[in-house]
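See below for the structure under consideration.
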There are 2 protein chains.
Amino acid sequence: MNTIETTLSIVALGGVNEIGKNMYVLRYGDDIIVIDCGSKFPDESLLGIDLIIPDISYLLENHDKIRALIVTHGHEDHIGGIPYILKQLNIPIYATRLTLGLIEVKLKEHGLLGSTDLFTINAESTLVFGTIEISFFRTNHSIPDCVGVVFNTPEGTVVHTGDFKFDLTPVNDEYPDLHRMADIGSNGVLALLSESTNAERPGFTPSEQLVGANIEDAFIKAEQKIFISTFASNVHRLQQVIDAAEKTDRKIALLGRSMVNVVSIAHELGYLNIPDNMLIEPSDVKAYEPHRIVVLCTGSQGEPMAALSRLASSDHRQLEVLSGDTVILASTPIPGNERNVARIVDNLFQLKAKVIYGSASITGMHVSGHASQEELKLMLSLMKPQYFIPIHGEFRMLHQHRLLAESVGVDPDNIFIVNNGDVVDIINHQASQRRKITTGNTLVDGLGIGDVGTIVLRDRKLLSEDGILIVVVTLSKMEGKILSGPDVISRGFVYVRESEALLNEVRQITVQTIHKLQEKNITQWDFYKQMIKEAVGNYLFSHTKRRPIILPIIIQV
Amino acid sequence: MNTIETTLSIVALGGVNEIGKNMYVLRYGDDIIVIDCGSKFPDESLLGIDLIIPDISYLLENHDKIRALIVTHGHEDHIGGIPYILKQLNIPIYATRLTLGLIEVKLKEHGLLGSTDLFTINAESTLVFGTIEISFFRTNHSIPDCVGVVFNTPEGTVVHTGDFKFDLTPVNDEYPDLHRMADIGSNGVLALLSESTNAERPGFTPSEQLVGANIEDAFIKAEQKIFISTFASNVHRLQQVIDAAEKTDRKIALLGRSMVNVVSIAHELGYLNIPDNMLIEPSDVKAYEPHRIVVLCTGSQGEPMAALSRLASSDHRQLEVLSGDTVILASTPIPGNERNVARIVDNLFQLKAKVIYGSASITGMHVSGHASQEELKLMLSLMKPQYFIPIHGEFRMLHQHRLLAESVGVDPDNIFIVNNGDVVDIINHQASQRRKITTGNTLVDGLGIGDVGTIVLRDRKLLSEDGILIVVVTLSKMEGKILSGPDVISRGFVYVRESEALLNEVRQITVQTIHKLQEKNITQWDFYKQMIKEAVGNYLFSHTKRRPIILPIIIQV
């Protein structure tokens, strides 16, 4: 046997030093298992980009060795990349029922249903792919039907937690399987990959049930219509809204495509208990007394096109928020979304609504779905891993998770904080991180996957700051006489009407530059372009302190 | 006397329904007093814009009536607009010593020193401008030398609080003058304008002294160099850093232009007590043992060009953060800055620094400079105003401040929540809000003040999302024959090399469009451009789902 055949390798294609686009690879010899396939939203520096997915070059190169994609749960940062990846690579997918239901919605939207094999697993399933045996354990999170994954390999056992918290009083969900986790730990864990989202947060994340009690209180107090907005995928939260509506004798109307989709699938698969006749169409809301109505809607993160944002700006075609209505934001803004959420609250107050918003520690309308520090220590203590790789988190979260692992006795030398692409190889129970594979961000823009890169983005950035100025001049092929122009056209730079003198000067500078070069008998047009660019650029910067992209176009006829 | 002569008018030119660019106008008859002249930073929708200042059309129209600009304190949102406004309008400025010192730094930077008269006032000053008598009262805030302003007019007394908190154990600062405020209230306040920044926050803002104790604790525990970052203008905080450095026998090096400026002015004017030989040059840091050093730097909001950000990315030309150094972020990220701050913390952990960051309620390294709900109620209770106009805040803050005013007995009908430009007129003690004046945002971009507007910004937005595609074609004047082109040039759209087929198709569509129009004997070039734009735009959208700006250029020779 050569080395590669007896090496256990673990690598993140996405999900470390970032939040989102989780994708991990476990390889033993010729068997590759992929865990999760997420997407993430671009930050404001990636202008015009719709979505980011992992770069799967490594998988494409080794496509013949890939046995399965195991998906831990149905959130976008774990399933969002699937349709894009499937267009390049056919992998059979294994996931629990609800997760698979949500994946199917995605595949349908992309016209990919039937393009790959989908297998339903549950926490008791066992799968064998060549040298790797896979089993699962139940966890809780802010969506039902989550699992952690156990990989039994000839080298030892690797555990991947997925996203989790320890909700010991879960809503409509199974309990976290502490005993199974304890068994896995007792049998020996070579390496643990555990999520780090809340590794900066002290304590123990509260149970989702606390939110239910607060929702019910707010429903009892509300005198007119109630609008409540939360992540559609938080099926537990939806159940609590339904329960509170039932207790206060209100009907529920759903707003927002993802809300309608999730409720429909979760209901169909038995993850939501909805009393008969409770759901009504938004168009039927006006047929009921205001105090008989709950509107359950998307947009709790302030998304400008979502239902809540439209309602707040009185721009929804079916429903309106009126003076005295109650609006509950059952979520906490993700960093970057604060301003959009604040705008919505401003607008709702303008409509004289009662708004329950702000810090969840005050409103009690949200709890996290992720394990806080004490729960992360609990997971580490149950698993007692020899090696530990904190995953799912930006560097400071991985760093804090490392400190937690050290505090419960993991050998500091056995903790690997990796970048996407760093490979942890384990041979004869000795782990090391010395090699890297190619990975990174694949940018999705419209229909293009990966066709926008650094140059295009750099240009978009320059264009966004100071616009573009185009100088067009037509020269005769023979004598180089100016036949037409220079014409100056700009977009995103200045108001043309108020800047005539400036643009006239640009025309003159262009003519002067051309004449000077012609006097020197220079004939390379690229050089003309370069000189016009510099002369015009310098003039504009000194007069406006702006640097538009200067695009000289020289036409010869 | 006609109406205008006996009307007291109050109007915000900036500062309501927003945070920043505070500017208020009080007018009685022919006497206009301006209060504050701030700037604010643009949000991400205002692409390329450097700064926003108030639109002062109203002041320009009434320049002969303006008696004074009164500045309540030296923060950017109260003084940042001054240099830009002075270029259009000469107004004498009245402010306290430190405030005036900070204004002078600005005027110097803009080459405007000496262009207007500057008058130093203190909390005991009295000014008379025609029918208006002005006096002041001491307040506390996160910068020393703050005042509230009292306007005695023939119609009654108007009070403008400026920014304030009630710090009853201030650092190096005078106490808030409760007795003077009580006197003002006893003498009768017709209208109160009070700041609303923290109107959503329950309780009483802690004293700045609490931060000092925590800084000192952290300094005692730190084993190597300490880097501490805070707003340069928070002179109280700087004093506490100096005090802690003195107690722990450390020298202080200053990093960042605004830190050096503020320390120099505050020291010179006696607002900072700095022991002899405590300040050292950054270049001398290496001459000392690490545990003898404090580096006091700018960049606590994650500003990418500021000292802290450079230090965190090992990109500072003089100093570096080493393993075991302590870095303290003595601030709370302003909404919108969270991601930049998080990047810095990630980088500092990469350098193996100890980082004190995150929620101020846990670290104790920051307190707000603004009054919380109980303090706002205290101000309202002291002033007992007949009319109340909450200022300085986004709508939800003004709304919460209104509720606080109602809770301490202000008549709900006497509370005016206004927009910038809404005029509150008071005649015979009866206030009403029925008219508006022109105001809004004036955008500063490079050297241009107000020359970038909605069309330019809309183009920048389109350019930032999908770039621009230029189609150039040269036609003969006589027969309309295509002499050159169509050439296709793009910026910020796609990688040209990977999209040759797409761009070829654009060329063909252009030729076809031209031929079709020529067959119909159409000769208006604008129509040609429009048709090319539509044909190319539709083709690109259907093939890429992107909408670059399409710019057809037709040249005739």
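Quick notes on this structure:
- Qualifying GluC sites (Glu not before Pro) in region A:417-514, DSSP loop, other Cβ atoms within 10 Å at most 13: A:Glu479
- Enclosed volume per residue, in Å³, of the convex hull spanned by Cα atoms of the protein assembly as shown: 216
- Shape analysis of region A:353-402 places it in the prolate category; the axes a ≥ b ≥ c from the Cα gyration tensor give an a/c of at least 1.5, with a/b above b/c.
- Less than 5 angstrom separates the built amide H of A:Val295 from those of A:Ile226, A:Phe227, A:Ile228, A:Ala253, all sequence-distant by 5 or more or on a different chain.
- Ordered from largest to smallest accessible area (heavy atoms of protein chains, 1.4 Å probe), the residues B:Glu174, A:Glu406 come out as B:Glu174, A:Glu406.
- Relative to the compact-globule estimate of 2.2 N^0.38 Å, the Cα radius of gyration of region A:454-556 comes out at 1.08.
- Relative contact order of region A:454-556, taken over Cα pairs closer than 8 Å and 6 or more residues apart, is 38 percent.
- Shielding of B:453-460 by partner chains, average beta-carbon count, 10 Å: 5
- Karplus (6.51, -1.76, 1.60) ³J(HN,Hα), θ = phi - 60°, over region A:222-231, in Hz, Gly and Pro reported as x: 5, 9, 10, 5, 10, 10, 10, 10, 7, 4
- In region A:1-95, the GluC sites (Glu not before Pro) that fall in loop regions by DSSP, at most 11 other Cβ within 10 Å: A:Glu44
- Cα long-axis angle, helix B:257-268 against chain B (0 to 90 degrees, to the nearest 10): 20
- Note on A:Arg317 and A:His543: with the Förster distance fixed at 51 Å, the Cβ-Cβ geometry gives a FRET efficiency of about 0.60.
- Summarising the amide proton neighbourhood of B:Ser39: residues at separation of 5 or more, or on other chains, whose placed amide H is nearer than 5 Å comprise B:Lys21, B:Asn22, B:Asp77, B:His78, B:Ile79, B:Gly80, B:Gly81.
- Carbon/sulfur fraction of accessible area - chain A, other protein chains in place, 1.4 Å, %: 49
- Length gained on full extension, B:Met478 to B:Ala501: 5.1 nm, using 0.36 nm per residue less the C-alpha separation.
- Principal-axis tilt of helix B:373-383 within chain B, Cα atoms, nearest 10 degrees: 60
- A:Ala287-A:Asp217 FRET efficiency (beta carbon distance; Förster radius 25 Å; 0.05 resolution): 0.40
- Spatial separation of Cα centroids for region A:456-489 and region B:432-449, in angstrom: 34
- Point-to-point label distance, A:His515-A:Glu406, nm (Cα→Cβ direction, 7 Å offset): 7.2
- Spin-label model distance (nm) - B:Ser125 vs A:His63, 7 Å beyond Cα toward Cβ: 7.6
- Here region B:36-50 is scanned for amide nitrogen atoms under 19 Å from the site 7 Å beyond the Cα of B:Lys87 along Cα-to-Cβ, giving B:37-42, B:47-50.
- Residues in region B:343-368 occluded by at least 40 Å² - accessible area, probe radius 1.4 Å, against chain by itself: B:Asp346, B:Phe349, B:Gln350, B:Tyr357
- Using alpha-carbon coordinates, inclination of helix B:454-466 to the longest axis of chain B, degrees: 70
- With R₀ set to 25 Å, the beta-carbon distance separating A:Ser186 from A:Asn273 gives a calculated FRET efficiency near 0.10.
- Remark on A:Leu113: its backbone amide H falls under 5 Å from those of A:Lys108, a criterion applied only to residues 5 or more positions apart or on other chains, H modelled at 1.01 Å from N.
- Accessible surface, the protein assembly as shown, averaged per residue in Å² (probe 1.4 Å): 41
- Take each residue of peptide B:471-477, count the partner chain Cβ atoms within 10 Å of its Cβ, and average: the result is 2.
- Accessible area, probe 1.4 Å, largest first, for residues A:Arg27, A:Arg434, A:Arg201: A:Arg434, A:Arg201, A:Arg27
- Checking the Cα-Cα distances for B:Lys165/B:Lys225; A:Lys65/A:Lys165; A:Lys247/A:Lys354; A:Lys65/A:Lys377 against a 26 Å cut-off, the pairs over it are B:Lys165/B:Lys225; A:Lys65/A:Lys165; A:Lys65/A:Lys377.
- Global geometry of chain B, whether rounded, prolate or oblate, following the gyration tensor of its Cα atoms and the 1.5 cut on a/c: oblate
- Shape class for region B:208-363, computed from the alpha carbon gyration tensor (a ≥ b ≥ c): rounded, with a/c under 1.5.
- Length-normalised contact order for chain B - Cα pairs under 8 Å, 6+ apart - percent: 15
- The mean number of partner chain beta-carbon atoms within 10 angstrom of a residue's beta-carbon across peptide A:438-447 is 2.
The values are calculated or read from the model by the stated rules, or taken from the named source; none is laboratory data. As the structure is a prediction and not an experimental result, all values here were calculated from the model. Cβ sites come from the backbone with ideal geometry, for glycine too, and all protein chains shown count toward neighbours. Side chains are part of the model used for accessible areas, which takes the heavy atoms of the whole protein and leaves out ligands, DNA and RNA. Shrake-Rupley method; radii C 1.70, N 1.55, O 1.52, S 1.80 Å.
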